[in-house]
Amino acid sequence: MSHRVVITGMGIWSCLGKNKEEVAESLRLGKSGIGIDPARKEIGFHSTLTGIVPRPDLKPYLDRRMRNSMADETEYAYMAAREAFEQAGIDNEYLLANEVGILFGNDSTGKAVVDAYKRMDEMKDSFLLGAGAIFQSMNSTVTMNLSTIFHLRGINFTISAACSSGAHSVGMAYLLIKQGLQDVVLAGGAQEVNPIAFASFDGLNAFSKRMDDPQRASRPFDKTRDGLIPSGGGAALVMEDYDHAVARGATILAEVTGYGFSSNGLAISQPASEGSVKAMMRAMSDANVTADEIDYINAHATSTPLGDKAEAEALTELFAGKKAIVSSTKSMTGHECWMAGASEVVYCILMMKNRFIAPNINLTEVDDAASRLNFAFEPMEKDLNVVLSNSFGFGGTNCALVLRNYK
(Lines give C-alpha, C1' and ligand atoms only; values in the text may rest on other atoms or scores of the structure.)
Protein backbone atom coordinates (compact mmCIF):
# COMPACT_ATOMS: atom_id res chain seq x y z
CA MET A 1 0.00 0.00 0.00
CA SER A 2 1.34 3.42 -0.98
CA HIS A 3 0.82 6.20 1.55
CA ARG A 4 0.39 9.88 0.69
CA VAL A 5 3.10 12.12 2.15
CA VAL A 6 2.33 15.63 3.36
CA ILE A 7 4.14 18.50 5.05
CA THR A 8 2.50 19.87 8.18
CA GLY A 9 5.22 22.12 9.60
CA MET A 10 8.18 24.17 8.38
CA GLY A 11 11.02 26.07 10.01
CA ILE A 12 13.78 28.21 8.52
CA TRP A 13 16.84 30.11 9.76
CA SER A 14 18.65 31.75 6.88
CA CYS A 15 20.21 34.91 5.54
CA LEU A 16 16.70 35.91 4.38
CA GLY A 17 15.26 35.82 7.89
CA LYS A 18 15.01 34.04 11.23
CA ASN A 19 11.53 32.59 10.67
CA LYS A 20 9.00 31.84 7.94
CA GLU A 21 7.38 35.28 8.03
CA GLU A 22 10.66 37.17 7.61
CA VAL A 23 11.80 34.81 4.86
CA ALA A 24 8.49 35.02 2.96
CA GLU A 25 8.74 38.82 2.99
CA SER A 26 12.31 38.73 1.65
CA LEU A 27 11.31 36.32 -1.11
CA ARG A 28 8.33 38.43 -2.09
CA LEU A 29 10.45 41.59 -2.26
CA GLY A 30 13.42 39.98 -3.99
CA LYS A 31 15.62 41.02 -1.06
CA SER A 32 19.17 39.67 -0.98
CA GLY A 33 20.78 38.34 2.21
CA ILE A 34 24.35 38.53 0.90
CA GLY A 35 27.06 40.75 2.38
CA ILE A 36 30.77 41.00 3.18
CA ASP A 37 32.79 39.24 5.88
CA PRO A 38 36.00 41.30 6.31
CA ALA A 39 37.65 38.53 8.34
CA ARG A 40 37.87 36.36 5.24
CA LYS A 41 40.30 38.74 3.57
CA GLU A 42 42.55 38.66 6.62
CA ILE A 43 42.87 34.88 6.53
CA GLY A 44 43.59 34.64 2.80
CA PHE A 45 40.24 34.40 1.02
CA HIS A 46 40.04 35.84 -2.48
CA SER A 47 36.31 36.54 -2.04
CA THR A 48 34.80 38.00 1.13
CA LEU A 49 31.18 37.52 -0.03
CA THR A 50 28.85 35.41 2.11
CA GLY A 51 25.27 35.00 3.18
CA ILE A 52 24.84 36.93 6.44
CA VAL A 53 23.30 34.40 8.84
CA PRO A 54 22.79 35.57 12.45
CA ARG A 55 23.90 33.36 15.32
CA PRO A 56 20.87 32.23 17.35
CA ASP A 57 20.70 32.70 21.12
CA LEU A 58 19.87 29.26 22.51
CA LYS A 59 20.13 30.14 26.21
CA PRO A 60 16.36 30.63 26.64
CA TYR A 61 15.73 27.10 25.31
CA LEU A 62 18.63 24.80 26.19
CA ASP A 63 20.94 24.36 29.15
CA ARG A 64 24.71 24.71 28.85
CA ARG A 65 25.31 20.96 28.66
CA MET A 66 23.04 20.61 25.62
CA ARG A 67 24.47 23.69 23.91
CA ASN A 68 28.02 22.41 24.43
CA SER A 69 27.37 19.47 22.07
CA MET A 70 26.14 21.61 19.17
CA ALA A 71 28.14 22.82 16.17
CA ASP A 72 27.14 26.00 14.31
CA GLU A 73 24.91 24.18 11.85
CA THR A 74 23.21 22.31 14.68
CA GLU A 75 22.18 25.59 16.28
CA TYR A 76 20.58 26.76 13.02
CA ALA A 77 18.84 23.40 12.60
CA TYR A 78 17.53 23.49 16.16
CA MET A 79 15.84 26.85 15.65
CA ALA A 80 14.30 25.63 12.38
CA ALA A 81 13.09 22.39 14.03
CA ARG A 82 11.45 24.29 16.91
CA GLU A 83 9.51 26.38 14.43
CA ALA A 84 8.53 23.37 12.31
CA PHE A 85 7.24 21.34 15.24
CA GLU A 86 5.30 24.35 16.55
CA GLN A 87 3.55 24.89 13.21
CA ALA A 88 2.77 21.17 12.96
CA GLY A 89 1.18 21.19 16.41
CA ILE A 90 3.66 18.66 17.74
CA ASP A 91 4.65 19.31 21.34
CA ASN A 92 6.85 17.51 23.85
CA GLU A 93 3.93 15.37 25.06
CA TYR A 94 3.34 14.10 21.52
CA LEU A 95 7.05 13.44 20.97
CA LEU A 96 7.28 11.39 24.16
CA ALA A 97 4.23 9.31 23.23
CA ASN A 98 4.92 8.71 19.51
CA GLU A 99 7.72 7.54 17.26
CA VAL A 100 9.14 10.39 15.16
CA GLY A 101 12.14 10.00 12.85
CA ILE A 102 14.83 12.44 11.77
CA LEU A 103 16.81 12.73 8.53
CA PHE A 104 19.03 15.76 7.93
CA GLY A 105 21.40 16.70 5.15
CA ASN A 106 24.82 17.77 6.43
CA ASP A 107 28.20 17.38 4.79
CA SER A 108 30.73 19.29 6.90
CA THR A 109 31.71 20.10 10.47
CA GLY A 110 34.82 22.07 9.61
CA LYS A 111 34.91 24.63 12.41
CA ALA A 112 34.31 22.11 15.20
CA VAL A 113 37.16 19.90 13.99
CA VAL A 114 39.59 22.82 13.65
CA ASP A 115 38.60 24.26 17.03
CA ALA A 116 39.29 20.91 18.72
CA TYR A 117 42.66 20.65 17.00
CA LYS A 118 43.63 24.18 18.11
CA ARG A 119 42.70 23.46 21.74
CA MET A 120 44.67 20.22 21.62
CA ASP A 121 47.67 22.02 20.16
CA GLU A 122 47.56 24.67 22.89
CA MET A 123 46.84 22.47 25.93
CA LYS A 124 48.56 19.22 24.97
CA ASP A 125 45.94 17.25 26.88
CA SER A 126 42.93 15.58 25.23
CA PHE A 127 41.07 15.51 28.56
CA LEU A 128 40.79 19.30 28.32
CA LEU A 129 38.91 19.27 25.02
CA GLY A 130 35.57 18.91 26.80
CA ALA A 131 32.85 16.29 26.55
CA GLY A 132 30.98 18.10 23.80
CA ALA A 133 33.84 18.26 21.27
CA ILE A 134 33.18 14.86 19.70
CA PHE A 135 29.46 15.56 19.25
CA GLN A 136 30.19 18.90 17.58
CA SER A 137 32.71 17.47 15.13
CA MET A 138 30.87 14.38 13.86
CA ASN A 139 29.06 14.76 10.55
CA SER A 140 25.91 13.53 12.27
CA THR A 141 26.03 16.40 14.78
CA VAL A 142 22.59 17.65 13.70
CA THR A 143 20.69 14.37 13.90
CA MET A 144 22.36 13.16 17.09
CA ASN A 145 21.69 16.42 18.92
CA LEU A 146 18.15 17.01 17.70
CA SER A 147 17.10 13.41 18.27
CA THR A 148 18.22 13.76 21.88
CA ILE A 149 16.67 17.18 22.48
CA PHE A 150 13.30 16.30 20.93
CA HIS A 151 13.16 12.64 22.09
CA LEU A 152 13.00 11.30 18.52
CA ARG A 153 12.87 7.50 18.40
CA GLY A 154 12.29 6.66 14.74
CA ILE A 155 14.69 6.59 11.79
CA ASN A 156 17.82 8.58 12.67
CA PHE A 157 20.74 9.30 10.35
CA THR A 158 22.50 12.03 8.42
CA ILE A 159 22.52 12.21 4.64
CA SER A 160 25.83 13.33 3.16
CA ALA A 161 25.40 14.11 -0.52
CA ALA A 162 27.18 17.41 -1.18
CA CYS A 163 24.80 20.16 -2.30
CA SER A 164 21.94 17.66 -2.73
CA SER A 165 22.06 16.62 0.94
CA GLY A 166 19.01 18.56 2.11
CA ALA A 167 16.92 17.52 -0.88
CA HIS A 168 17.80 13.85 -0.51
CA SER A 169 16.80 14.00 3.16
CA VAL A 170 13.33 15.12 2.04
CA GLY A 171 13.27 12.45 -0.65
CA MET A 172 14.30 9.64 1.70
CA ALA A 173 11.76 10.73 4.32
CA TYR A 174 9.15 10.69 1.57
CA LEU A 175 10.05 7.12 0.62
CA LEU A 176 9.96 5.87 4.21
CA ILE A 177 6.54 7.39 4.86
CA LYS A 178 5.20 6.35 1.46
CA GLN A 179 6.14 2.74 2.24
CA GLY A 180 4.45 2.87 5.64
CA LEU A 181 7.69 2.54 7.61
CA GLN A 182 7.27 5.85 9.45
CA ASP A 183 4.31 8.09 10.27
CA VAL A 184 6.27 11.27 10.97
CA VAL A 185 9.81 12.33 10.04
CA LEU A 186 11.60 15.61 10.72
CA ALA A 187 13.59 16.20 7.53
CA GLY A 188 15.89 19.07 6.68
CA GLY A 189 19.31 20.43 5.93
CA ALA A 190 21.93 22.49 7.73
CA GLN A 191 25.06 24.35 6.71
CA GLU A 192 27.73 26.12 8.76
CA VAL A 193 28.62 29.59 7.43
CA ASN A 194 32.00 30.21 9.06
CA PRO A 195 35.13 30.82 6.92
CA ILE A 196 36.72 27.47 7.83
CA ALA A 197 33.88 25.61 6.13
CA PHE A 198 34.43 27.44 2.85
CA ALA A 199 38.20 27.98 2.54
CA SER A 200 38.66 25.07 0.16
CA PHE A 201 35.78 26.31 -2.01
CA ASP A 202 37.50 29.69 -2.24
CA GLY A 203 40.69 27.86 -3.17
CA LEU A 204 38.88 26.39 -6.18
CA ASN A 205 38.19 29.94 -7.41
CA ALA A 206 34.48 29.06 -7.19
CA PHE A 207 33.27 32.30 -5.58
CA SER A 208 32.12 35.53 -7.19
CA LYS A 209 34.55 38.45 -6.96
CA ARG A 210 31.84 41.16 -7.15
CA MET A 211 32.71 42.45 -3.70
CA ASP A 212 31.92 46.06 -4.63
CA ASP A 213 28.21 45.19 -4.95
CA PRO A 214 27.44 42.15 -2.74
CA GLN A 215 23.68 42.04 -3.25
CA ARG A 216 24.11 41.91 -7.02
CA ALA A 217 26.89 39.33 -6.96
CA SER A 218 24.78 36.18 -7.24
CA ARG A 219 23.53 36.11 -10.84
CA PRO A 220 22.08 32.71 -11.79
CA PHE A 221 21.62 32.24 -15.54
CA ASP A 222 23.09 35.69 -16.31
CA LYS A 223 25.81 35.97 -18.96
CA THR A 224 28.00 37.95 -16.56
CA ARG A 225 27.86 35.50 -13.63
CA ASP A 226 31.30 34.81 -12.19
CA GLY A 227 30.74 32.34 -9.37
CA LEU A 228 28.62 31.40 -6.39
CA ILE A 229 28.37 33.01 -2.95
CA PRO A 230 28.60 30.70 0.09
CA SER A 231 25.73 30.74 2.54
CA GLY A 232 23.90 28.49 4.97
CA GLY A 233 21.61 28.14 7.97
CA GLY A 234 19.02 25.52 8.83
CA ALA A 235 15.72 24.31 7.35
CA ALA A 236 13.29 21.76 8.78
CA LEU A 237 10.11 20.09 7.55
CA VAL A 238 7.64 17.94 9.46
CA MET A 239 6.70 15.25 6.94
CA GLU A 240 3.79 13.00 7.72
CA ASP A 241 1.54 10.24 6.50
CA TYR A 242 -1.62 11.90 5.17
CA ASP A 243 -4.04 9.75 7.16
CA HIS A 244 -2.01 10.27 10.32
CA ALA A 245 -2.03 14.05 9.81
CA VAL A 246 -5.78 14.11 9.23
CA ALA A 247 -6.44 11.91 12.26
CA ARG A 248 -4.62 14.27 14.61
CA GLY A 249 -6.19 17.36 13.07
CA ALA A 250 -3.01 18.83 11.61
CA THR A 251 -3.07 21.63 9.05
CA ILE A 252 -1.63 20.31 5.78
CA LEU A 253 0.57 22.75 3.87
CA ALA A 254 1.64 20.74 0.83
CA GLU A 255 2.06 17.23 -0.49
CA VAL A 256 5.32 15.67 -1.65
CA THR A 257 4.37 13.67 -4.72
CA GLY A 258 7.64 12.94 -6.52
CA TYR A 259 11.30 12.17 -5.81
CA GLY A 260 13.84 11.71 -8.58
CA PHE A 261 17.56 11.01 -8.39
CA SER A 262 20.54 10.11 -10.53
CA SER A 263 24.32 10.18 -10.62
CA ASN A 264 26.41 11.60 -13.45
CA GLY A 265 29.32 9.19 -13.12
CA LEU A 266 31.72 11.78 -14.52
CA ALA A 267 34.57 13.88 -13.09
CA ILE A 268 34.01 14.77 -9.45
CA SER A 269 33.10 18.43 -10.09
CA GLN A 270 31.64 18.11 -13.60
CA PRO A 271 27.94 18.97 -14.01
CA ALA A 272 25.89 17.14 -16.64
CA SER A 273 22.57 17.98 -18.23
CA GLU A 274 21.84 14.28 -18.83
CA GLY A 275 21.85 13.46 -15.13
CA SER A 276 19.71 16.48 -14.34
CA VAL A 277 17.15 15.45 -16.97
CA LYS A 278 17.01 11.91 -15.60
CA ALA A 279 16.37 13.12 -12.02
CA MET A 280 13.62 15.51 -13.14
CA MET A 281 11.92 12.95 -15.35
CA ARG A 282 12.01 10.37 -12.56
CA ALA A 283 10.47 12.85 -10.12
CA MET A 284 7.69 13.81 -12.55
CA SER A 285 7.00 10.16 -13.35
CA ASP A 286 6.78 9.35 -9.64
CA ALA A 287 4.37 12.26 -9.19
CA ASN A 288 2.38 11.22 -12.27
CA VAL A 289 2.66 14.69 -13.81
CA THR A 290 3.94 15.93 -17.14
CA ALA A 291 6.13 18.91 -17.93
CA ASP A 292 2.98 20.75 -19.05
CA GLU A 293 1.60 20.59 -15.50
CA ILE A 294 4.58 22.16 -13.71
CA ASP A 295 3.78 25.77 -12.73
CA TYR A 296 7.11 26.77 -11.23
CA ILE A 297 10.67 25.45 -11.10
CA ASN A 298 13.05 26.40 -8.32
CA ALA A 299 16.32 25.89 -10.16
CA HIS A 300 19.48 24.69 -8.49
CA ALA A 301 21.43 27.35 -10.43
CA THR A 302 24.22 28.63 -8.17
CA SER A 303 25.64 31.36 -10.47
CA THR A 304 28.60 29.33 -11.72
CA PRO A 305 29.39 29.37 -15.45
CA LEU A 306 29.36 25.59 -16.02
CA GLY A 307 26.69 24.53 -13.54
CA ASP A 308 24.06 27.02 -14.68
CA LYS A 309 24.72 26.17 -18.32
CA ALA A 310 24.24 22.42 -17.74
CA GLU A 311 20.98 22.97 -15.83
CA ALA A 312 19.71 25.44 -18.42
CA GLU A 313 20.26 22.82 -21.13
CA ALA A 314 18.40 20.22 -19.06
CA LEU A 315 15.50 22.58 -18.31
CA THR A 316 15.31 23.60 -21.96
CA GLU A 317 15.09 19.96 -23.05
CA LEU A 318 12.10 19.37 -20.80
CA PHE A 319 10.38 22.75 -20.45
CA ALA A 320 11.06 24.92 -23.50
CA GLY A 321 7.67 26.07 -24.80
CA LYS A 322 5.92 25.03 -21.57
CA LYS A 323 4.21 27.27 -19.01
CA ALA A 324 6.65 26.68 -16.14
CA ILE A 325 8.19 29.83 -14.66
CA VAL A 326 11.82 29.47 -13.55
CA SER A 327 13.81 31.25 -10.87
CA SER A 328 16.75 30.48 -8.62
CA THR A 329 16.30 31.70 -5.06
CA LYS A 330 20.10 31.43 -4.76
CA SER A 331 20.16 34.82 -6.46
CA MET A 332 19.03 36.12 -3.04
CA THR A 333 20.42 33.54 -0.61
CA GLY A 334 23.68 32.58 -2.25
CA HIS A 335 24.41 28.86 -2.23
CA GLU A 336 23.23 27.33 1.05
CA CYS A 337 25.09 24.13 0.13
CA TRP A 338 24.10 21.11 2.27
CA MET A 339 21.00 22.96 3.47
CA ALA A 340 19.84 24.24 0.07
CA GLY A 341 17.63 21.37 -1.06
CA ALA A 342 15.60 21.52 2.14
CA SER A 343 15.45 25.31 2.44
CA GLU A 344 14.27 25.57 -1.15
CA VAL A 345 11.36 23.25 -0.37
CA VAL A 346 10.44 25.73 2.37
CA TYR A 347 10.79 28.62 -0.08
CA CYS A 348 8.60 26.85 -2.64
CA ILE A 349 5.85 26.15 -0.11
CA LEU A 350 5.95 29.74 1.14
CA MET A 351 5.39 30.83 -2.46
CA MET A 352 2.55 28.35 -2.94
CA LYS A 353 0.75 29.35 0.25
CA ASN A 354 1.23 33.09 -0.36
CA ARG A 355 0.47 32.98 -4.10
CA PHE A 356 3.64 34.48 -5.57
CA ILE A 357 6.85 33.57 -7.37
CA ALA A 358 10.14 34.89 -6.03
CA PRO A 359 12.26 36.56 -8.71
CA ASN A 360 15.58 35.54 -10.19
CA ILE A 361 17.20 38.83 -9.17
CA ASN A 362 20.25 40.23 -10.98
CA LEU A 363 19.26 38.50 -14.22
CA THR A 364 19.80 41.30 -16.72
CA GLU A 365 21.23 39.41 -19.70
CA VAL A 366 20.02 35.82 -20.03
CA ASP A 367 22.66 33.27 -20.96
CA ASP A 368 22.19 31.87 -24.47
CA ALA A 369 21.74 28.35 -23.05
CA ALA A 370 18.73 29.57 -21.05
CA SER A 371 17.14 31.81 -23.68
CA ARG A 372 14.08 29.55 -24.22
CA LEU A 373 13.07 29.43 -20.54
CA ASN A 374 10.41 31.56 -18.85
CA PHE A 375 12.07 33.52 -16.04
CA ALA A 376 10.61 35.51 -13.17
CA PHE A 377 12.64 38.72 -13.49
CA GLU A 378 10.47 40.46 -10.89
CA PRO A 379 8.20 39.17 -8.11
CA MET A 380 5.04 37.70 -9.66
CA GLU A 381 1.61 37.19 -8.16
CA LYS A 382 0.72 33.64 -9.16
CA ASP A 383 -1.38 30.68 -8.07
CA LEU A 384 0.92 27.66 -7.87
CA ASN A 385 -0.38 24.11 -7.86
CA VAL A 386 2.61 21.94 -8.86
CA VAL A 387 6.25 22.92 -8.42
CA LEU A 388 9.59 21.25 -9.12
CA SER A 389 12.72 21.86 -7.05
CA ASN A 390 16.19 20.85 -8.27
CA SER A 391 19.38 20.11 -6.32
CA PHE A 392 22.69 18.97 -7.80
CA GLY A 393 26.07 18.44 -6.13
CA PHE A 394 29.74 17.51 -6.38
CA GLY A 395 30.29 13.88 -7.22
CA GLY A 396 27.42 14.03 -9.71
CA THR A 397 24.59 13.57 -7.20
CA ASN A 398 21.27 14.84 -8.57
CA CYS A 399 17.89 15.23 -6.88
CA ALA A 400 14.52 16.59 -7.99
CA LEU A 401 11.37 16.94 -5.89
CA VAL A 402 7.78 17.55 -6.98
CA LEU A 403 5.46 19.34 -4.54
CA ARG A 404 1.74 19.89 -4.85
CA ASN A 405 -0.15 22.68 -3.12
CA TYR A 406 -2.75 21.47 -0.61
CA LYS A 407 -5.95 23.52 -0.67
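If a residue must be surrounded by fewer than 23 Cβ atoms within 10 Å (Cβ to Cβ), at pLDDT 95 or above and not charged (D, E, K, R), how many such residues does region 47-78 contain?
Going through region 47-78 one residue at a time, the tally reaches 8.
For region 259-288, enumerate the residues that are of a type outside the set (A, V, I, L, M) and surrounded by 23 or more Cβ atoms within 10 Å (Cβ to Cβ).
Of region 259-288, the ones of a type outside the set (A, V, I, L, M) are 259-265, 269-271, 273-276, 278, 282, 285-286, 288.
Correct list: TYR259, GLY260, PRO271, SER276.
Among the residues of region 93-100, is any under 16 Å from the mean Cα position of the chain (by Cα) and of a type in the set (Asp, Glu)?
Quick first cut of region 93-100, residues under 16 Å from the mean Cα position of the chain (by Cα) only: none.
No.
So SER343 ticks every box in (1) polar (S, T, N, Q); (2) touching a helix residue (DSSP H, G or I) at 6+ places or on another chain (Cβ under 7 Å); (3) assigned to a loop (DSSP other than H, G, I, E, B) but one. Which box is left unticked?
(3)
Based on this model, can you work out whether GLY101 counts as in contact with a Ser or Thr (Cβ under 8 Å, 6 or more places away or on another chain) and either modelled with pLDDT of 95 or more or among the charged types (D, E, K, R) (or both)? If you could, list the steps in order and put the result at the bottom.
On the way: in contact with a Ser or Thr (Cβ under 8 Å, 6 or more places away or on another chain): no; either modelled with pLDDT of 95 or more or among the charged types (D, E, K, R) (or both): yes.
No.
Under 6 Å by Cβ, and 6 or more places apart or on different chains, what pairs join a residue from region 287-307 that is at positive phi and at pLDDT 95 or above with one that is assigned to a loop (DSSP other than H, G, I, E, B) and not basic (Lys, Arg)?
Pairs found: SER303/SER218; SER303/PRO220.
Inspect all residues belonging to region 120-132 and state whether any of them is surrounded by fewer than 20 Cβ atoms within 10 Å (Cβ to Cβ) and modelled with pLDDT of 90 or more.
no
For region 165-185, give me the residue count where each residue is within 17 Å of ALA88 (Cβ to Cβ) and outside any helix (DSSP H, G or I).
4
Where the second residue is crowded, with 19+ Cβ neighbours inside 10 Å and modelled with pLDDT under 95 and the first is on the phi > 0 side of the Ramachandran plot and lies in region 40-62, which pairs have Cβ atoms under 8 Å and are six or more apart or on separate chains?
none
If ALA283 satisfies every condition in (1) over 18 Å from the mean Cα position of the chain (by Cα); (2) under 12 Å from ALA400 (Cβ atoms) but one, which is the exception?
Only one criterion is unmet by ALA283, namely (1).
Output the residue which, of all residues in region 231-286 that are among the hydrophobic types (A, V, I, L, M, F, W, C) and without any contact (Cβ under 8 Å) to a residue 40 or more places away in the chain, is farthest from LYS353 (Cα to Cα). Write out each step before concluding.
Just the residues of region 231-286 that are among the hydrophobic types (A, V, I, L, M, F, W, C), to begin with: 235-239, 245-247, 250, 252-254, 256, 261, 266-268, 272, 277, 279-281, 283-284.
If we keep only those that are without any contact (Cβ under 8 Å) to a residue 40 or more places away in the chain too, we end up with 246-247, 267, 281.
Numbers: VAL246: 19, ALA247: 22, ALA267: 40, MET281: 25 Å.
Taking the candidates together, the pick is ALA267.
Picking from ALA197, ALA187, which residue would you name as being within 22 Å of ARG55 (Cβ to Cβ), touching a helix residue (DSSP H, G or I) at 6+ places or on another chain (Cβ under 7 Å) and not β-branched (Val, Ile, Thr)?
Of ALA197, ALA187, the one residue that is within 22 Å of ARG55 (Cβ to Cβ), touching a helix residue (DSSP H, G or I) at 6+ places or on another chain (Cβ under 7 Å) and not β-branched (Val, Ile, Thr) is ALA197.
Just the residues that are of a type outside the set (S, T, N, Q) and either assigned to a loop (DSSP other than H, G, I, E, B) or in contact with a Leu (Cβ under 9 Å, 6 or more places away or on another chain) (or both), please, taken from region 263-283. Can you show your working first?
Of all residues in region 263-283, those of a type outside the set (S, T, N, Q) come to 265-268, 271-272, 274-275, 277-283.
Of everything in region 263-283, those that are of a type outside the set (S, T, N, Q) and either assigned to a loop (DSSP other than H, G, I, E, B) or in contact with a Leu (Cβ under 9 Å, 6 or more places away or on another chain) (or both) turn out to be GLY265, LEU266, ALA267, ILE268, PRO271, ALA272, GLY275, VAL277, MET280, MET281, ALA283.
Within region 226-262, track down each residue that is under 23 Å from CYS163 (Cβ atoms), in a loop (DSSP other than H, G, I, E, B) and of a type in the set (A, V, I, L, M, F, W, C).
ILE229
Considering only helices (runs of 4 or more DSSP H) fully contained in region 7-71, which possess at least 2 residues that are touching a Pro at 6+ places or on another chain (Cβ under 8 Å)? Walk me through how you get there before you give the answer.
On the way: elements: 20-29, 38-42, 64-67.
Because the criterion is at least 2 residues that are touching a Pro at 6+ places or on another chain (Cβ under 8 Å), the helices (runs of 4 or more DSSP H) in region 7-71 that meet it are 20-29, 38-42.
Are any of the residues in region 216-225 in a helix (DSSP H, G or I) and surrounded by fewer than 24 Cβ atoms within 10 Å (Cβ to Cβ)? Steps first, please.
Pass one, region 216-225, residues in a helix (DSSP H, G or I): 216.
Now narrow it down to the ones that are surrounded by fewer than 24 Cβ atoms within 10 Å (Cβ to Cβ): 216.
Yes, region 216-225 contains at least one residue that is in a helix (DSSP H, G or I) and surrounded by fewer than 24 Cβ atoms within 10 Å (Cβ to Cβ).
The values are calculated or read from the model by the stated rules, or taken from the named source; none is laboratory data. The structure displayed is predicted, hence computed values, not measured ones. Note: ideal-geometry Cβ built from the backbone for every residue, glycine included; neighbour counts use all protein chains shown.
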